[in-house]
Structure formats: C-alpha cells, structure tokens
Amino acid sequence: MHSMVSSYMRQKLNSEQKGKPQSVKSLIKARLDENVFGLLERVAQVGERRDMSVYVVGGFVRDLLLNIPNQDIDVVAEGDGIPFAVHLAEEFGGAVKSHEKFGTSVVTLPDGCRIDVATARVEYYQHPGALPTVEKGSVTSDLFRRDFTINCMAVKLTGVDAFCLIDFFNAAADLKNREIHILHDLSFIDDPCRLFRAIRFEQRFGFKIGKQTESLMRAAIKKRAVDSLSGTRLFNEIKLLVKEKRPMHCIRRMRELDLLQFVSPEMLKDREEVETLERLGSVFSWASTITLPREPEIWRVYFLALFYFLEEDAFLKAADRLQLSARMKNSLERDRTTCRASLRRLQFQKEWEPKEVCRTFADLSIDAVIFLVALSSSSEIKRYANIYFTQYQGKSQPSLTGDDLVKMGMNPGPVFQSVFDALREARVMGRVKTREEEVALVEEQFLKP
Ligand code: CTP
C-alpha cells in the first residue's frame, strides 16, 4: 500500500506517530457537550464487552481539533461492524439499519442522534468512479483509503490507549498550516467526487489545497475523470458545495478549475453571469429584512442561477447529465420562464401598476424572486417585491379557480390569465372582497356579450 502513497505523504509517513501517543480525552471533555462524551464512553464500553477495538474517525475528529461542533459520529469497528452496531442499538434502545455488502450500519438513538458504524476495511475499486468493493482489514487500512489527511485521523475508544489520537499522516500539522492534501496520487481518479470535496473543505475552513494535490486535481480534470461519475453523485456533490456557508466561493473555485464543464460546457461562461451570482449574497440579506411567505432555499437559488443562462438545448442536456428528478427539472424550467418574462416586463415597462406587480410575484417562486432581484440591474424590482409581500400578498389571492371559470361557461385559454389578473387587482385595490363579488366581476367584465 505504501507504494501508492504520494511523495508528499512518504515524507510525512516517515515521521508518523513518533513518541508517546497523544491523549485527547481532556480536549474532548473540554470541547464537547457532556452528552457526546457520555455517548462515546458507552460506545467504548460496548466495544470492551465484545472485546473489539473501536475508533471514532473522520470529520468528527477533524472538527474536534478545529473546535467546530460536529454531531455526526462515525465509528470504525475492527472485526465485524454489523453485530457491533446491533449491540449498540440494544445498549441505547435505538434502531439499527445495516448494509451487509458494505459492512456498514446506521444506529439511530431514541433522541434522533445517529452513529454510523463501519467495519475496518480495505477497498478495491473495480473501475474509476464505481462504488468500492470491500474486504475486511484494520483501522489502518480504513484510514489509508480515505480522501484527505485532515479526514484521516481516528481516536481509539477502547483498550489501554483509549482516547489517544491516531494520526499516521501528521494531519495535525496540515490543520495547523491550513492545507488540504490527498494521500495517494490516484485518489482523484479512484473517486472523482473528491475533486468537489477538496473544494468543499478548502472553502469551508478557509484552507488551501496543497500544491501537489492541486496539480493532481488539474490532471484528473484534464483526463475528464468526472465523466465517470453518475449524474446523481455529481448533482449531490455540487448541491453540497452550494449548501456550504459561502457558496459563491465554492462556485468560483469550481469555475477556476473548470469543473462546471462536466455539467455543461456553457455553464457560467460569461463574466456578467458570474456577476449576477456574486450579487446573490446581498439579495439574501435584503430578503431577510422583508416578510416572505417562506424562507428562500439557498441551494435552489444557486442552482437556478447556474442553469438560468443556458439556452434551452444546453439546459436540457445539463438536466439529463445530472439526472435531475422530473420535479427539480420542471421547477427550474418554470423559474427560468417566469424570471425571463418578469425581466422583459421590467425592461419594457418602467412603472408597474398593481396588477403587474401582482401578476409578477404571484407567478414567481420565492427562490425565483431572489434570483430575479440579483438579475435585474434596477432597484425597482426590490420596491415592487416590497410592496407585494408587505401589502398585497394574501390580499391578492382570488378565491375562484380555473374549474370555477369553466363551470361559469368560459373556455380555458389566455383569457384565464386576464381574468386572474383582473381579480387580483380588484382584490388588492379593495374593489372585491368576497367570492360572490368575484363572480359578479367575471360576469360583468368577461361574460357579458
Ligand atoms: N470519504 C472519502 N472519500 C469520499 C467520501 C468520504 O474518503 N468520496 C471519507 C472521508 O474520510 C470522510 C468520511 O469518509 O471524513 C465521511 O464522509 P462524509 O460524511 O461525506 O464527510 P465528513 O468529513 O464527515 O464531511 P462533512 O463535515 O461535510 O459531513
């Protein structure tokens, strides 16, 4: 396995785990909630009873050293993790769900917390981008199969050296130097998801991807390693990136590394498009000052922004590449159309009457409102949005539906839009207040010969 290790790693491994093992027990006690510490102790007891070596690994250990709260407990058990997980569930009165093929389990505790349990294993990749095939091993091999040094630490929970840090790759130094390094040269080819994960951790912690790691990333991108990822995995990685606290930093980095081309070669090609996305942050701040019927879903707004500028053909191809669900694809399609229509209205009609304000905002999803504000260079849209959400909304919803209009003898068609515009306006202006008055208005304005 050492032959696979990158030259950067070989230097580090030489100095691996020198001297006395470092106990992090006091750090855990000082930094973690009492309950979490108690939980780890009980996990350890179950391990001791079953005479198994058990470790807490990965993001939990990384965040412990960074002093960032993390409730996701990933446990590795040497031996068979599945019966161990069953015992954990019994101990805590929780539920367990196992995945025999991967030797993994999820234990859900009565309070909703979850513990992920893995069997210490060696992984072999059948082909790049595929899910790994698994064989049993030890915690060392489990740590060697991971993505970045900072995610490769473990804390042993059982035995005489309980609560000692296991850090083969001197990740503590990488945390101190704020650097992201992979463990072996083929890491990004084995799992191209890591190209996105590297950006995720770099931007989340304000770290820097190491020089050698970055050049391996660029090489894997040049080889189009991302093409071997399924749409679902690619979608998921991008979603996780735009769910980070600073989505724009992640998007800029993806663009700089030319990763967006794997969704669509046309995506965010233009400087002006990027500038629109750059404005989203301040639009979210503005949105938090007005009363919206629901909070915008930030990641969805960024997805709309990524897809908005694509021509119809490129949009459809990109949606296919990411295997978007019909629901997601339709909602993006709808938001693209309504945003374009509203933008045209803004460009051609300077002063909007209440009916235009109502028509625009009644048709837009909240996520699209946010994007439209970023898209439009005029501040008028903010003013109209303010008027709509603070004064009109709620008041403007007609009680008649399309079915009602049909029952009244109307034929479905563009006229329905005019009817609803008129009803909304009349509601906003206080000219109609009841369903009966709406019926009277429709009869008067649209059904009289
Ligand atoms: N991992 C990996 N390669 C991947 C995905 C995951 O090596 N493509 C390893 C990493 O060691 C990671 C662990 O599996 O620490 C758990 O993965 P995940 O839960 O996605 O990562 P976290 O580090 O817990 O990240 P987050 O804080 O975003 O949950």
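The values are calculated or read from the model by the stated rules, or taken from the named source; none is laboratory data. What you see is a predicted model; the values in this text were computed from it and never measured. Here the Cβ positions follow ideal geometry from the backbone for every residue, glycine too, while neighbour counts run over all protein chains shown. We work out accessible area using only protein heavy atoms, side chains counted, and drop any ligands, DNA or RNA first. Shrake-Rupley method; radii C 1.70, N 1.55, O 1.52, S 1.80 Å.
Looking at segment 309-328, is at least one residue closer than 23 Å to residue 249 by Cα, in contact with an Asp or Glu (Cβ under 8 Å, 6 or more places away or on another chain) and open to solvent by 10 Å² or more (accessible area, probe 1.4 Å)? Yes, segment 309-328 has at least one match. Restricting attention to segment 194-213, and to residues there that are more than 9 Å from the ligand (Cβ to nearest atom) and open to solvent by 10 Å² or more (accessible area, probe 1.4 Å), which single residue is farthest from residue 252 (Cα to Cα)? Across segment 194-213, the extreme among qualifying residues is 212. Elements of the type helices (runs of 4 or more DSSP H) sitting completely within segment 1-91 and holding at least 1 residues that are modelled with pLDDT under 95 and surrounded by 16 or more Cβ atoms within 10 Å (Cβ to Cβ): these cover 7-14, 25-31, 34-49.
Taken together, the criteria exclude residue 346 from residues that are open to solvent by less than 10 Å² (accessible area, probe 1.4 Å) and part of a helix (DSSP H, G or I). Restricting attention to segment 394-414 and to residues that are part of a helix (DSSP H, G or I) and in contact with a Phe, Trp or Tyr (Cβ under 7 Å, 6 or more places away or on another chain), the residue that is most open to solvent (accessible area, probe 1.4 Å) turns out to be 402. Checked against the criterion of being in a helix (DSSP H, G or I) and within 26 Å of residue 392 (Cα to Cα), the candidates 274, 301 yield just one match: 301. Residue 254 passes every criterion in (1) within 13 Å of residue 196 (Cα to Cα); (2) part of a helix (DSSP H, G or I); (3) open to solvent by 50 Å² or more (accessible area, probe 1.4 Å); (4) more than 16 Å from the ligand (Cβ to nearest atom) apart from (3).
When segment 425-449 is filtered for residues that are in contact with a Pro (Cβ under 9 Å, 6 or more places away or on another chain) and of a type in the set (Val, Ile, Thr), the ones remaining, listed by number, are 428, 432. For segment 69-96, a residue qualifies if it is of a type outside the set (Asp, Glu) and out of contact with any helix residue (DSSP H, G or I) (no Cβ under 9 Å at 6 or more places or on another chain), and the qualifying residues are 79, 81, 82, 83, 85, 86, 89, 93. Is it fair to say residue 369 is closer than 20 Å to residue 338 by Cα, in contact (Cβ under 8 Å) with a residue 40 or more places away in the chain and of a type in the set (A, V, I, L, M)? So residue 369 passes the test. The criterion of at least 2 residues that are modelled with pLDDT of 95 or more and of a type in the set (S, T, N, Q) is met, among helices (runs of 4 or more DSSP H) falling completely within segment 126-234, by 211-222. The set of residues in segment 237-247 that are over 18 Å from residue 148 (Cβ atoms) and either touching a strand residue (DSSP E or B) at 6+ places or on another chain (Cβ under 7 Å) or in a helix (DSSP H, G or I) (or both) comprises 238, 239, 242, 247.
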